[in-house]
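What follows is a set of notes on a single structure, which appears directly below.
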């Protein structure tokens, strides 16, 4: 594959990761009841407060990825988010039967997403959080 074709792979992957976080973020705010019940089923304290915070965080991060702004920081923030979610919400070791398999599948799927985020963070430039540079694209920072 030549360099011109492969150069498209990174932005496509970044956009897909952005959509991966945008859609659940919107769902958390538009129809919170299902997610709230799931959080309560897993014993998450303060679920009613944390759910909208998670939804907004996912949407802000998704927009950062989609617009190519502060990609490295966003990816590393999502890595932390996934680790927290995996150990609090996909705790397959606490269940039996079909629920174990379902939570294990989500746990492993999230590790794949985490791996993609780490790769994207590794190839993205470090950025200053100065106000004047806050809204500039990472393409201009590289």
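So how do 138, 91 line up by other beta-carbon neighbours within 10 Å, fewest first?
The fewest-first ordering by Cβ neighbours comes to 91, 138.
Can you give the calculated 222 nm mean residue ellipticity of the chain, where each DSSP H run of n ≥ 4 adds -39,500 (n - 2.57) and the sum is split over every residue, rounded to the nearest 500 deg cm²/dmol?
For the chain, the value works out to -24000 deg cm²/dmol.
Could you order peptides 54-63, 113-122 by the average number of other Cβ atoms within 10 Å of their residues, highest first?
54-63, 113-122
Just to be sure I understand, if you calculate Rg/Rh (Cα atoms, Kirkwood Rh) for this structure, which of (1) 1.58; (2) 1.02; (3) 1.05 do you get?
Computing Rg/Rh (Cα atoms, Kirkwood Rh) and matching it to (1) 1.58; (2) 1.02; (3) 1.05 gives (2).
Within a 10 angstrom radius of the beta carbon, how do 19, 9 rank from fewest other beta carbons to most?
By the 10 Å Cβ count, ascending, the order reads 9, 19.
List the relative contact order of the chain as a percent without decimals, with contacts defined as Cα pairs under 8 Å and 6+ residues apart.
Relative contact order, the chain: 26 percent.
Read-outs: derived from the displayed coordinates by stated rules, not from any lab. Everything numeric here is computed off the predicted structure, so don't read it as measured data. Glycine also receives a Cβ, built like all others from the backbone with ideal geometry; neighbour counts cover every protein chain displayed.
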